[in-house]
Each structure stands twice: as C-alpha cells, then as structure tokens.
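So the structure is just underneath, and the comments pick up after that.
The values are calculated or read from the model by the stated rules, or taken from the named source; none is laboratory data. Owing to the predicted nature of the structure, the values given are computational and were not obtained by experimental measurement. All Cβ positions, even for glycine, are placed from backbone atoms using ideal geometry, and neighbour counts span all protein chains on display. Note: areas computed on protein heavy atoms with side chains; ligands, DNA, RNA excluded. Shrake-Rupley method; radii C 1.70, N 1.55, O 1.52, S 1.80 Å.
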Amino acid sequence: MLALRTTPPVFSAAEAERIARDTYGLAALARPLPGERDGNFLLRTADGHGYVLKIFDFVSSPETMDCQLRVLRHVAEQDPALPIPRLIGTLKGEETGQASGLSGSYSTCLMSFLAGTLLADSSPDAALLRNLGEKLARLDRALQGFFHPALGQRLAWDVRRLPELVEYLPYIESAAVRRTVERAALRMKERIPQLRSLRSQAIHGDCHGHNLLVDAEASVVCGILDFGDMIHAPRIFEPAVAIAELLTGNVAPLAALEALLGGYAGREGLDGAELDVLYDLVAARHAVIILVHAWRGRHDADGARLLEAATRSAARSLDALEAAGAAPLTAAWRRAAGTSSSGEAFAPAAREVDLERRHRLMGAGAELFYEKPLNIVRGSGVWLYDGEDRAYLDVYNNVPHVGHAHPWVVRAIQQQTAVLATHTRYLHSRILEYAERLTATFPPHLNACIFVNSGSEANDVAWRIAQFKTGHKGALVMRNAYHGITSAVAALTPSTGQPRDQHVVTIAPPPQGLEREDMLAPAELDAAVRDADGAVRTLVERGFRPAAFFIDTSMTSSGLFDAPPAWATAVSARIRAGGGLIVADEVQYGLGRSGSHLWGFGRRGLEPDIVTMGKPVANGYPMGVVVANRALIEAFQKEYGFFSTFGGNAVAAAAGLAVLDVLEREQLMANASSTGEYLRRVLEQAAAAHSCLGAIRGAGLLRGLEVRAVGPYSARQCTKRVINILASEARVLIGYEGPNADILKLRPPMSFLPKHADRLAEAIEAAAARVSRST
C-alpha cells in the first residue's frame, strides 16, 4: 500500500545544487526540506529568488507523477489566485528532469517557492481557521473538473483503507489505544457504503500544518503545498482531513475548528449526509496515523520517528473526540456549517434551568442529586457535561452500561428506529436474535424471555410468576433491599428499614468484612441458616408461605456485601425448602460488572429460578427482561396472556444486541476486573491517609467506601459532605448507599479506566481532607 513505508530518495545538498545547475540552469544554494516520500530542497539564488526542487520517490509510478504535474496546471487555470506552486520547465523545456542516485534514476521537477510560515508553527485564531476553510473550498471547487487514473491509488492515508490496516492492531502497545482505534475502524467499516453515495471528486487529501503556509500576520493562508496524496473521494474528506490533522498536530483545539468548517461550508456548502459522517472520518484519520506508526515501528524505524509526536497526540485526541461525543459534535458542526435544518436532532441546551419552573411543572418533591443541582446536557463515555460544557466524571451511573452515548449503541438505535419500531404482536427477527444471544449466556434451564420496559416491571412480572408457580403469597428480601417502584415491588423494597407489608420479611445481610474468597466460619453459616429459617417461619406465622426470595446480586442497598458463595447457597437452600423460588435481580450487577462473572448470581453461588434485568441491558434505552424456564413462562402466559406494548420492540432489541457487541469487542468484563482491582488499591491508599475513610467493599466496578464519623459529625453527615464537595469542586459524581447512608457508592460505566480511578481517588482524598479540617 502506497505511503505505508517512507521511501525518500537520498540526495545531498551538493547533489541538489548540481541538478539545479545542469537540469534547470540555476546557480543556487540548496537546503533540504522535509518530505515523507519525495526528496525536497529549497533552492536560493544569489538574487534572492527561491525555488523548490522535488525528487520523486523511486516507487512512484509515472502516472502518479503525471497526476501531480497536471493538477497544478489545472488548478492554476481554474483559479489563478489560489496560492499553489507553479511549475518551471527544464532547460530542454520539459516538465520533468532526470537525476541519478544511489538506487537508480529519479524524476525531478522544479516549482516556484511560496513564502510564508508553516501553519504548524502558528497559533491560528478563528479568523485564520475560517480563511483556511474558505481556501480549501476554493481548491475543491477548482478540482471539480479534474480527473486522472492515479487518483485511484491505494494510499494508506485514505481513511477508507482503515479496515485494511486493522490487521496491524496487535502492533499497538497500549490496550486502551487498541480498543479506541478498533472502535474507530468498526465505525469506518460501517460507513463505507454510505460514503459511496456522497458527492465525490478529486481532493488534495493532505492539508495538514506542514502543507499549509500563513502570512507574517497569521491572518490568511498564503500557500497550499504537496499534491502527492491526491485521491478521488467524497468531498467531505477535505475538511475532515484538515480538522483531524490540525488536532493531531496540536495546531488548534477541537472547538476552534468549527470556524474552519464554517469557512468551507460558506463557500461550497455541506449537506446533512456529509456532516453525519464527519465525526467518523476525523476519528478514522486519527486511527490511520496510529496504525501506520505501529506498522512502521516494526518495519520502518525512520518513518516511525516522523510520526512519533502525531501518534501520541492522535491517541489523546481520539479520547477527547469520544469524550465530546459524536452526536454533540455533529450537532455543533451542523450549526457551524449552517445545515441544522436538515434533520439536526440535538437542539442547543439551556445553560441554566429555572428551579421554580421545575417545581411548578414537576412538583417540589421531584428528587435531585447534590446541594447544588446540576444541569446536565449531554454525556459521552464516562463523562457528563453541564450547560457550560464543563466535564464531570460519572462514577455513579450504571444505566449507560457501556458508556454514555456509545456510538455503536447510538447507531444501532438510529438505524433500527428508521426502519421499524413495533411490538412483539408482530413477528420480527431482531428480538429473537437478541433473546438467543442473551439466553446463551445463562444456565440451560433459563432459556426463555419476557420483555418489558424497566427493572421495576421485570421484578413485578417475576413476582407474579413466582406467586403463580408456587401458589404462595409470601416474599423474602434482603434487609434494606431495593427492587423497584411499581405497587407490587415497592412492597419488596424496604430501603428505609423493615418492610411495612405483612407478606414481606427480610433476610439479614452476611457478616461485614467478608470477601468472596474468604471461608465462612461454621458459626456464621449456622447464623445465616437460622436467619433464613426464622424468616420463613415468620411468614408462615403471618399466614403466608414463601413464593420467592428476591436478591439484588450485588446487595448494594443492603450495604454492598461480597460474601462467599457458601452464604447465598445456604440461604437459598432454606428458602427452597420452604417452597419459594429464587429471583436474581441483575439490574445493578449483571453484564459483567463484578469482573469475574457475566451475571452476579454466578459470583454469589446462586442457582436462580428467575433472573431480572433493567435498562443497563440496552444502555439506557427502556428495556427490562425476565428470564426463566420456557415451560414456566408458557404456563404463566397461558394463564394471564401477558403482553407489554413496548416490551421487546425492535429498537430495544437493537440496543440490547449492540450492548452485547460492545461488551465482547471492548472486553469490558475484563476491564471491570483489572480496573476494579486497581480502583480498590488506590482507594485503600486514600483510606489509609484519612481517618474519616474506612474499608473498601464490593468487587469489579461496583465499589463502596465506608465513611466514618469525625468529631461532632456523624458518618452520614460526613458522607453527604464528601459527595457534595466532589460534585461542586472536583466535578466527580458519586452516590451513597447502605442502611446508614455512610458508604460512598462507586458505580461508573464499564468503560471506566485506571486514569479515571486516579482522578476519583485524588478527588476523594481532597474531599476527605476538607471534611477532616472542617471538624
């Protein structure tokens, strides 16, 4: 593939001076200029005139050289005012000359020298970036009538080649960077058919900071250089490449580049379809840089050195792009290009929200987080953004399981909702595909699904099934459990203490301080059995036999316990002996959050009869799932004819499938294990340094950090203070948990990484220090 390897001819300045003299009749001093594939020299004559001598890459075909020469003539003809080099013939009046080197004979050409400063060495303001956009648009307008066979060259820098370059992913040392690059490549592969429908033409394709010149005042672009990477491609590639290269070259920040797009669109216009692919094109160019560098690292050390800085920057910039999010950036770029009327889905959000208006419309009792409520307008990955575009590290939300606005999930939802969004009273294969993939992850007896819209509904249905199956009306739940908000499951949610409903009895949590790998002492096991037997007996004394034991497999609201499997095994055995079913509520712990098991019941040592899931299975799109044995579900359906209008709709199924895809492709359960362990270590270090912090609870990416009383302040008061300091000053969002509200609950999206754990731990340390000083 052309340009994968750097192959510049080896010529000295003295040899360049000889070529200038013998071939072009110039007496000039030569100075080397940078070039990835060609040899370039600045020639300066005694009278101060400047020229550029280009010695073509040995592997360049005659067609490629001919294309570079013809395009310069074509553009000069179509727009004489465009600042591009002009060709100068040889002494014989020919366009190219010949030069002998160590590896053979090379073709040469001579061009006029354009004075100016490299854009890479400037700090462009919005006016200059807008002027650049205008120049690129003028260039593309001049190129519209140009065609040459060489424009179809297989060029590594053509982002459409990214799917071919992914074979070099193993060459990338950083696992995190590999995952980011792979995501960009997957998105690009999906875009290829769409790209073929866009307006295409000859484009420069390589307008980066070293191919563009600006005047002494850095007010206008005064030179466009190097037409060696020209291709025939969608026109949107031109501004996309420029935006990507200015980012990876650290020439301009992301937000500033809207001016470039505005300048381009003001001259040439960009439609919605072109802007819809822009994000993925920019990300793809970043990925190409990283992959080309990785290949060169194994095969072309000199070429790899040329890309060192750009590759480091590209990796950081890709993270920034993902943090910014495709949807918000696309909306901003649509506005900059003046094409918001063609289907923009994201209106500008208000910077502030009137609390009085909220109270009037939603009631003053509508719950809010934090003493200073946040106006969140968008999310991306592990980040949330307020109306001032300030970023907050989200260490609380498990609903966007694979990350806020994950592009793979967003695209799946968009594509499906554009085709079909209906319910399961019609046949559609998407929900069947999802059910097959989902149940394949469960034990064989859990082989059929009922689809609803939330975890609350799923638990409601599970409770109805349990009563139907057993004929019993009694329920057992963990002390301080949470299972939802419907009337039925609210009775199973004693989150404020003992349940008020006579048909519900609580089970005591396992002993504090135990971890899954610990041995359960005989006395502790006996206590668990006695407690379960006592709970069943209490139900019977009230006139109810147990229909089910509901357990959130993370035991989050009960206090974030991670007891040995022997505890849950013993408790569930006693409830089964009393005639009850076991219902595993996986809303918080499912889909790999523990880091050790895809489903929390596996980590607990449970063999459930029914499993329930909520919105995390679709990354926040409304979906709940009940999984049980087919015979049990069919008997329930026969008796009650259960149906949920939106449950199992095609869009929810597409979202659920996309979540399973992302979990597998990005290895997020493995990340929960490794990052979760790293998080435990940094939290232990933080706790060791501050007396108001205690033990670490939980596993994987669901962790709890105990808070202790300090001075006159209770643990609950200290917890509340830490949480609000984190939100208002460190812009880190967490919650609290436990019967005494004294556990910091850390439950981020599964894309949470060690660098985020570091930021969290530092913020907690600072907040803990503040709390200690305030006492």
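What Kirkwood Rh does region 168-290 have if only Cα atoms enter the pairwise 1/r average? Answer in Å.
That comes to 15.5 Å for region 168-290.
Any chance you could run the full-extension gain for SER123 through ALA27? It's 0.36 nm times the residue separation minus the Cα-Cα distance, nm to one decimal.
Full extension from SER123 to ALA27 adds 31.0 nm.
In the neighborhood of ALA491, defined by Cβ-to-Cβ distances under 9 Å, what is the net charge if each Lys or Arg adds +1 and each Asp or Glu adds -1?
After counting each charged neighbour, the total is 0.
Sort 699-711, 681-693 for me by packing, meaning the mean count of neighbouring Cβ atoms within 10 Å per residue, highest on top.
Details: 699-711: 23.2, 681-693: 17.5.
Going by the mean number of other Cβ atoms within 10 Å, highest first, we get 699-711, 681-693.
With no solvent and one equal point scatterer placed on each C-alpha of region 715-775, evaluate the Debye formula and give log10 I(q)/I(0) for q = 0.26, 0.30 Å⁻¹, two decimals.
Normalising to I(0) and taking log10 leaves -1.15, -1.33.
Using amide H atoms built in the peptide plane, which far-off residues or other-chain residues are under 5 Å from GLY595 H to H?
Distant-sequence amide H within range of GLY595: LEU701.
Can you compute log10 of I(q)/I(0) for region 660-775 with the Debye formula, treating each Cα as one identical point scatterer, at q = 0.11, 0.16, 0.17, 0.19 Å⁻¹?
Per q value, in the given order, log10 I(q)/I(0) is -0.34, -0.68, -0.76, -0.92.
Pairs to check: LYS54/LYS135; LYS372/LYS745; LYS469/LYS638; LYS720/LYS755; LYS473/LYS638. Give those whose C-alpha atoms are more than 22 Å from each other in this structure.
LYS54/LYS135; LYS720/LYS755
In region 42-109, which GluC sites (Glu not before Pro) are in a loop and have at most 12 other Cβ atoms within 10 Å, using DSSP for the loop call?
Numbers: sites: GLU63, GLU77, GLU94, GLU95; in loops: GLU94, GLU95.
Those that pass, being in a loop and sparsely packed, are GLU94.
Among 404-410, 730-736, how do they line up from the highest to the lowest mean number of other beta-carbon atoms within 10 Å?
404-410, 730-736
With the Cα gyration tensor of region 378-461 in hand, convert its eigenvalues to equivalent ellipsoid semi-axes via √(5λ) and list them largest first in whole Å.
Its equivalent ellipsoid spans semi-axes of 30, 18, 13 Å.
If you count only protein heavy atoms and use a 1.4 Å probe, how large is the accessible surface of SER317, to the nearest 10 Å²?
20 Å²
Per residue of region 308-323, what does 6.51 cos²θ - 1.76 cosθ + 1.60 with θ = phi - 60° give for ³J(HN,Hα)? Whole Hz please, x for Gly and Pro, Karplus curve as stated.
3, 5, 5, 5, 4, 5, 4, 5, 5, 5, 4, 4, 5, 4, 5, 5
Evaluated at 20 °C with a viscosity of 1.002 mPa s, what Stokes-Einstein diffusion coefficient in µm²/s does region 1-40 have when Rh comes from the Kirkwood expression over alpha-carbon pairs?
On the way: Rh = 11.2 Å.
Answer from the Stokes-Einstein relation: 192 µm²/s.
List the pair-distance distribution P(r) of region 116-205, using every Cα-Cα distance, as the percent of pairs falling in each 10 Å bin from 0 up to the bin containing the longest distance, rounded to whole percents.
Using 10 Å bins, I get a P(r) of 13, 30, 31, 26, 1 for region 116-205.
If you place +1 on the Cβ of every Lys and Arg and -1 on the Cβ of every Asp and Glu, how big does the dipole about the Cα centre of region 270-426 come out, in debye to the nearest 20?
Values: 17 positive and 19 negative charges, 40 e Å.
In debye, rounded to 20, region 270-426 gives about 200.
Roughly how big is the chain's charge dipole about its Cα centre, with Cβ charges of +1 (Lys, Arg) and -1 (Asp, Glu), in debye to the nearest 20?
So the dipole magnitude of the chain works out to roughly 1560 debye.
Using mean Cβ contacts within 10 Å as the protection proxy, how do 662-668, 442-448, 587-593, 478-484 order, highest first? All intermediate terms of the calculation are to be shown ahead of the outcome.
Values: 662-668: 19.1, 442-448: 15.6, 587-593: 26.7, 478-484: 24.7.
The peptides rank, most packed first, as 587-593, 478-484, 662-668, 442-448.
Quick one: grab Rg to one decimal and Dmax as a whole number for the chain, Cα atoms only, in Å.
32.0, 111
Which value in deg cm²/dmol, rounded to the nearest 500, describes the helix-derived mean residue ellipticity at 222 nm for the chain, given -39,500 (n - 2.57) per DSSP H run of n ≥ 4 and division by the residue count?
-13500 deg cm²/dmol, from helical runs alone.
At a Förster radius of 60 Å, what calculated FRET efficiency corresponds to the Cβ-Cβ distance of LEU432 and ASP47, to the nearest 0.05?
0.15
If you average 1/r over every pair of different alpha-carbon atoms in region 507-628 and take one over that average, what Kirkwood value in Å do you get?
About 14.9 Å, per the Kirkwood formula over Cα pairs.
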